[in-house]
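A short worksheet on the structure shown next.
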Amino acid sequence: MAAAKNKSVLILLVFIFAGLVIGGLLGELAKSVDFLWWLSYAQSFGLKSPLELNLSVVQITFGITFKINIASIIGMGIGIFIYRKI
């Protein structure tokens, strides 16, 4: 029973991620269309400059930035809606 719950959470995360990616791509394509420009309005957040950890033998660099636009938020909502219907 616990494995089925974890599997459904994993599937939900896949649908959410797919909605974000597809929506983000559609938002970038909508930039050039006059009446759909608002779908490409985006906000970026994350680490602007990477965080570096130098241990003399190993140097590790951490950095992550998210850019979410209106279309990716709509895509995430559609992914959740599809997950609930399946």
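Read-outs: derived from the displayed coordinates by stated rules, not from any lab. As the structure is a computational prediction, the values presented were derived from the model and not from experiment.
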- prompt: Hey, what number do you get for the chain at 222 nm if only DSSP H runs of n ≥ 4 count, each worth -39500 (n - 2.57), divided across all residues, to the nearest 500?
  reply: -18000 deg cm²/dmol
- request: Enumerate lysine pairs in the chain that are 8 or more residues apart or on different chains, then count those whose Cα atoms are under 21 Å apart.
  value: 4
